[in-house]
Amino acid sequence: MLKKLIAGNWKMNLDYQGVDALMDDLVEQLSPETLERADIAICPPALYLSRALERAQQAEISLGAQDCADQDNGAYTGQVSAAMLADAGCSYVIVGHSERREYNGESNAAVKAKAQKAIAHVLTPIICVGESDAQRAAGQAEAVVGQQLKESLPDNAEQGSDIVIAYEPVWAIGTGNVASEDDVQAMHAFIYKQLSERFDDPENVRILYGGSMKPENAAGLLALPHVDGGLIGGASLKAESFLSIASCA
Ligand code: PEP
């Protein structure tokens, strides 16, 4: 069985003081029992990666970024490359989060290019997919997620363990409306089936659920087949709630 991955997406939150306080709490509260059951990662804003690095290493927490460029270097004002993130101590990078797809117009092709750059620089991309509420209501959830997977999976992923998929229904992100266990189970089984067509070892691809995961619903979600961890937004900004979710792994 895969060790679960519990990853926190801090989004554009906190300041130096807040990062220091949260990292102090994580170092103090993360127990060896939780670390035995789950790999823990945090994805701070890019500017705060260095600020979090020392304490993350102390607590055996991996660092991830929230995005990377789809180019190696050059005249791309404002962008951060996968190589720079690797230099900054990252092991993971989130690509294709629905907020970037929506606010930055990121296409599946862009997400794929970013994931390929991540792999080329020995980062594990956490590739986000998920349908909107209108798409689910129209019965298109699997078609949408299937298309996203088909068009966003990197060509240079040689084995399943090179990537992580995060299923994040858009309507569940930051809304408090968690997907039902039945819906999560069905979609994760569907994603696993799609991955089986691409990888010889699909069982090595971790498929995370994300969308209003909280201490109250984490145990049920993390116990479902093919749910190999969680991508946590709001609840990752407090050590108590983030680690309480991780302890359910
Ligand atoms: C996310 O943005 O990846 C996320 C899952 O957010 P939340 O947990 O706040 O729904």
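The range 163-186 and the range 194-249 have their alpha-carbon centroids 10 Å apart. The simple spin-label model puts a point 7 Å past each Cα toward its Cβ; for ASP133 and ALA223 those points are separated by 2.9 nm. Restriction of the chymotrypsin sites (Phe, Trp or Tyr not before Pro) in the range 9-105 to DSSP coil positions whose beta-carbon has at most 14 other beta-carbons within 10 angstrom yields TYR76.
Grab the Cα-Cα distance for ALA186 and GLU33, subtract it from 0.36 nm times how many residues apart they are, and report the gain in nm with one decimal. Walk me through the intermediate numbers first.
Working: separation 153, 0.36 × 153 = 55.08 nm, distance 2.99 nm.
Separation in residues times 0.36 nm, less the Cα-Cα distance, equals 52.1 nm.
Residues in the chain average 45 Å² of solvent-accessible surface per residue, probe 1.4 Å, ligands and nucleic acids excluded.
Would you check the chain for Lys pairs whose C-alpha atoms are within less than 17 Å, ignoring same-chain pairs closer than 8 in sequence, and give me the count?
7
Near the amide H of GLU106, under 5 Å away, which other amide H atoms are found, from residues 5 or more places off or on another chain, if H is placed in the peptide plane? Here ARG101 satisfy the definition. Taking 0.36 nm per residue of sequence separation and removing the Cα-Cα distance, the GLU203/ASN13 pair yields an extension gain of 65.0 nm. Nearest 500 deg cm²/dmol is fine: what mean residue ellipticity at 222 nm does the chain get from its DSSP H runs of n ≥ 4 alone, each adding -39,500 (n - 2.57), divided by its residue count? The per-residue figure over the chain is -12500 deg cm²/dmol. Distance between the 7 Å Cα→Cβ label points at GLU60 and GLU240: 2.5 nm. Among ALA138, ALA56, ALA179, the largest mean-square fluctuation in a Gaussian network model of the chain, built with springs joining Cα atoms closer than 10 Å, belongs to ALA138.
Springs between Cα atoms under 10 Å define the GNM used for the chain, and in it the highest mean-square fluctuation of GLY146, GLY176, GLY160 occurs at GLY176.
Note on THR175 and GLU102: their simple-model spin labels are 0.9 nm apart, each label 7 Å out from Cα toward Cβ.
The values are calculated or read from the model by the stated rules, or taken from the named source; none is laboratory data. Everything quoted here is computed from the prediction, not taken from an experiment. Reconstructed Cβ throughout: ideal geometry from the backbone, glycine too, with neighbour counts over all protein chains shown. These accessible areas exclude ligands, DNA and RNA; they are computed on the full protein's heavy atoms, side chains included. Shrake-Rupley method; radii C 1.70, N 1.55, O 1.52, S 1.80 Å.
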